[in-house]
1. What would the Debye formula give as log10 I(q)/I(0) at q = 0.09, 0.10, 0.11, 0.17 Å⁻¹ for the alpha-carbon point model of the chain, no solvent?
2. Around residue 79, under 13 Å between beta carbons, what's the net of Lys plus Arg minus Asp minus Glu among the other residues?
3. Once amide H atoms are built 1.01 Å from N in the peptide plane, which residues 5 or more positions from residue 208, or in another chain, come under 5 Å H to H?
4. Using only Cα atoms, locate the centre of segment 82-96 and the centre of segment 212-253, then give the distance between them in Å, rounded to an integer.
5. Among all helices in the chain defined by DSSP H, which have a length of 15 Å or more along the axis from Cα atoms plus a Kyte-Doolittle mean of at least 0.0?
6. Debye sum, Cα scatterers, segment 166-265, no solvent: what log₁₀ I/I(0) at q = 0.11, 0.19, 0.21, 0.25 1/Å?
7. How big is the accessible area of residue 257 in square angstrom, nearest 10, if you roll a 1.4 angstrom probe over the protein chains?
8. Cα-based Rg (one decimal) and Dmax (whole number) for segment 133-221, in Å?
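The values are calculated or read from the model by the stated rules, or taken from the named source; none is laboratory data. Only a predicted model underlies this, so the values are computations on that prediction, with no experimental measurement involved. Every residue, glycine as well, gets a Cβ built from its backbone with ideal geometry; the counts of neighbours run over all protein chains shown. Surface accessibility is based on the protein's heavy atoms, side chains included, excluding ligands, DNA and RNA. Shrake-Rupley method; radii C 1.70, N 1.55, O 1.52, S 1.80 Å.
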Amino acid sequence: MNVPNAIPHPPEIIPTVFLHGFSGEANGLRAFADLYSGPKAICINLPGFGGTSTSTLDKSDDIYTYCVDVWREIRRVIPSGPINLVGHSHGAMVSYVLATQHPKDIKRLDLFCPVARPQFIPRSLIGLVQLLNSTGIPADQIVRIGAHPFLVGLVTRYMFHPDWSVEDRQRIIDMRTREAKFYSPIMFDLMRQTIHFADTMKDSYCTVPTRICHVSDENVASPTDYLWYESHANVKKIKEITGGHLCVVANPRRVVELFGHEEEA
């Protein structure tokens, strides 16, 4: 687990923080962060992922409460000053909420493959996990089942894109296998965030300048999820590419070439 310490930076430079997607961890976005923003970009673990925990008193299925923990982690690494925020998938969802909560501290918001309402298959998997949990099966037992290499591989292959190379696919397999070691019961609460996000945030609006990159060949977010964000944010740029939901980790160089580097996007 990579937990960055507080990172000093020149006051004239606004640091960029990257938030990974569901079941991910900080290092999963490292290659993309280096290409998009440069090696000084900061990748953090969302609370509950990568072996981290959430505050014991927090109700993590409440995305507002959860984002208090996320902001606390960001401020542990960058104690003061403005930041730019880049989120992928579930991390885009969290990034949006943070930007509505801290508009004076977040100068720019970049959302890649943002999720507002998951597609049927991901939503069904979440429902199955919740059903198992409601029958009395202990959460830690469900987690052990979900982290079994066979199931991890099955879910991973659902995410595959036909244009990925053998190397791209192996990179995703290795990443998911590594991430599965850190699965924990807190993920049940975080799944509920995803299911209820659009309704919870329906009356919100993000004033922070926002850029959106979405894909036409989604297999996690619904095809119109990017439109939800477009109607709820101060969007300065929006661009459609291809490559599937995990494009930023499978082929980050291609994403940057199509969407642009941070200073160009």
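1. At q = 0.09, 0.10, 0.11, 0.17 Å⁻¹ the computed log10 ratios are -0.36, -0.45, -0.56, -1.49.
2. Neighbourhood net charge equals +1.
3. Hits under the 5 Å cutoff: 234.
4. Using only Cα atoms, the two centres lie 13 Å from each other.
5. Within the chain the helices that satisfy the rule are 90-101, 120-134, 186-200.
6. -0.45, -1.17, -1.24, -1.27
7. So the heavy atoms of residue 257 present about 140 Å² to solvent.
8. Cα only, segment 133-221: 16.7, 45 Å (Rg, Dmax).
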